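Q: A single structure is presented below for examination.
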Amino acid sequence: MATKIEERVGVPLPQDQVWELLADLEGWKDWNPLHPRVEGKLGINAPIRLEQRLEGRPVETVEGVVADWVPYEQIHIARTHARGWARSVRYMEIEPLTATSCIFSVGEVFGGFLGDRIAK
């Protein structure tokens, strides 16, 4: 069974403008409080490292690989945990609503034997 953690927010910008912000990994520090620092590039199986800041928790370095990316739609980052006993896919997705607005989703889906425990 998988555990999913997700936040969604309405954005009063067109999908292409949101993608330009998302695809500019070096620029995340200017707008992304959850992941203010990122190292890597967009490409299938490309390594990527994120600094993660969750309220009430210590800063954590998250390492994974780009499992999938579709320009103007999504970035998916695959990770393994607990020596392979759990895995997850962190995602950032853009869903257009109108020509001038969209929904931005960020979340992670945890699976594997220890997936539920890692998600907590």
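Bear in mind that the values in this text are calculations on the coordinates, not laboratory data. Owing to the predicted nature of the structure, the values given are computational and were not obtained by experimental measurement. For neighbour counting, all protein chains shown are included, and Cβ atoms are generated from backbone atoms with ideal geometry for every residue, glycine included.
Q: Tell me, what is the FRET efficiency for residue 39 and residue 113 to the nearest 0.05, using R0 = 30 angstrom and their Cβ-Cβ distance as r?
A: Efficiency at R0 = 30 Å is approximately 0.50.
Q: I would also like to ask the following. I'd like the distance separating the alpha-carbon centroids of the range 71-120 and the range 1-52, in whole Å.
A: Cα centres, the range 71-120 to the range 1-52: 11 Å.
Q: Given a Förster distance of 25 angstrom, what is the FRET efficiency for residue 54 paired with residue 13, based on the Cβ-Cβ distance and rounded to 0.05?
A: 0.50
Q: If you take the charge dipole of the range 3-119 about its Cα centre, with +1 on Lys and Arg Cβ and -1 on Asp and Glu Cβ, which of 12, 72, 47 is farthest toward its positive end?
A: Result: 47.
Q: What distance in nm lies between label points placed 7 Å from Cα along the C-beta direction at residue 103 and residue 31?
A: About 1.9 nm, to one decimal.
Q: Can you pull a Stokes-Einstein diffusion coefficient for the chain at 25 °C (0.890 mPa s), Rh from Kirkwood over Cα pairs, as a whole number of µm²/s?
A: 165 µm²/s
Q: Treat each spin label as a single point 7 Å out from the Cα along the C-beta direction, and report the residue 85 to residue 65 distance in nm.
A: Simple spin-label model gives 2.3 nm for this pair.
Q: According to a simple spin-label model (label point 7 Å from Cα along Cα-to-Cβ), what is the distance in nm between residue 78 and residue 3?
A: Computed distance between label sites residue 3 and residue 78 equals 2.2 nm.
Q: Ok, one more. Can you give the convex hull volume of the alpha carbon atoms of the range 13-73 per residue, in Å³?
A: 86 Å³
Q: Shifting gears a bit: Straight distance only, please: which aspartates and glutamates reach the Cα of residue 41 with their own Cα at less than 13 Å, same-chain residues fewer than 8 apart left out?
A: By straight Cα distance, residue 41 reaches 24, 26, 63, 68.
Q: With +1 on each Lys and Arg Cβ and -1 on each Asp and Glu Cβ, how big is the dipole of the range 3-119 about its Cα centre, in debye rounded to the nearest 20?
A: Values: 13 positive and 18 negative charges, 115 e Å.
Dipole about the Cα centre, nearest 20: 560 debye.
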